[in-house]
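Working notes, structure below.
Where a number appears in this text, it was derived from the coordinates with a stated rule and is not lab data. All values derive from a computational prediction rather than experimental measurement. Cβ coordinates were reconstructed from backbone atoms using ideal geometry, including for glycine residues, and neighbour counts include every protein chain displayed.
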Amino acid sequence: MNYLEKIVADKREELIEQRQRTPLSELTAMLADAPPTRPFAQSIRSRNGIIAEFKRQSPSRGVIHANICPRDVVSLYEAAGVSAISCLTNTKHFGGTTSDLLEAVCSTSSVPILRKEFIVDEYQVVEARAFGASAILLIAAILTVDEARHLALAAKQLGMEVLMELHDETETGYIVDGVTVAGINNRNLRTFEVDINHSIQVSHLLPHGLPRISESGIRTIDDMLRLRREGFDGFLIGENFMREANPGQACLDFCKKYQDAWQKM
């Protein structure tokens, strides 16, 4: 069992307990009071394309920023002009919670919030909307195409958008109805090596006109400008900001430099 499989196995066990604590009917009742959704794909194309991430830890890096709260970060992310904010809600492996998701939503006035989680069940889709998410992440590597189609449709029916994360050329069939943005992860799931060229190779196989973002290993403005020239609409940037003492300020400074460089392209 590789690490991704371990995370998914843990998540399936957690869901059994979660359903007992908070039945689906209770989550469904919360939908009436959920904050309204905000356009996700449109925001990626109309703002700077950056999806800035809020996360406290990761399996590869360990603890990044243990005690920080979303309200301390996301308002500055918004001020930086980011297109969206990704909020990790996985507790066991990333230290996040659904409360983080709701706090992130309530700490911004216009930026869409993406729930980043290992989603394998419709329960999690309803939960995402109940806690204010405008979009969800689906990971092709942990789903069948039929499962992806079912979950994407469930999200669409709840008014949310879907970022489908792909890892290689064999997964382009996961671009199903309801997917509004394609994300290509530069991390090899077998070796965990990161190569930006991977995004470029896979992107040429995606449907024309579908917004696309590159994920993992994007550290410099030159990386982003290169990806822009290759037709990418955006980028998911996580640890680069969160490992700084003040992630929001780091994002502000970075986005200013990127905006200046992009305008000169």
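Search the structure for amide H atoms under 5 Å from the amide H of Ser86, placed 1.01 Å from N in the peptide plane, and list their residues when 5 or more places away or on another chain.
Ala52, Glu53, Phe54, Leu114
Lys264: which lysines have alpha carbons under 24 Å from its alpha carbon, excluding same-chain residues fewer than 8 sequence positions away?
Lys256
Just to confirm my numbers, what's the Cα centroid distance between segment 211-241 and segment 58-132 in Å?
If you average the Cα positions of each part, the centres end up 20 Å apart.
Let's see if you can work this out: charge +1 on each Lys and Arg Cβ, -1 on each Asp and Glu Cβ, no other charges. What is the dipole magnitude of the chain about its Cα centre, in debye to the nearest 20?
580 debye
Sorted from largest down, what three extents in whole angstroms do the Cα atoms of segment 1-45 have along their principal axes?
That gives 38, 32, 9 Å along the principal axes, largest extent first.
Please sort 130-138, 52-60 by packing, taking for each peptide the average over its residues of neighbouring beta carbons within 10 angstrom, highest first.
Sorting 130-138, 52-60 by mean packing, highest first, produces 130-138, 52-60.
Kirkwood-based Rg over Rh for segment 1-107 (C-alpha set), two decimals?
On the Cα set of segment 1-107, Rg over Rh gives 1.00.
Given the rule -39500 (n - 2.57) for each run of at least 4 DSSP H residues, summed and divided by the residues of the chain, what is its mean residue ellipticity at 222 nm, to the nearest 500 deg cm²/dmol?
Estimated from H runs of four or more residues: -12000 deg cm²/dmol.
Under a 5 Å amide H to amide H cut-off, with H placed in plane at 1.01 Å, what residues pair with Ile139 once short-range neighbours are removed?
Correct list: Ile119, Glu165.
For the chain, report the % of Cα-Cα distances exceeding 32 Å.
15 percent
Calculate the all-directions average of the projected area of segment 178-248's alpha-carbon convex hull, and give it in nm².
Here the figure is 5.8 nm², rounded to one decimal.
Restricting to bridges with both residues inside the chain, how much of the DSSP beta-bridge set is antiparallel, in percent to the nearest 5?
So the antiparallel bridges in the chain amount to around 10 percent.
Is any helix in the chain, taking whole DSSP H runs, at least 20 angstrom long along its axis by alpha carbon and on average at least -1.0 on the Kyte-Doolittle scale, and which ones?
Length and hydropathy pass: 247-263.
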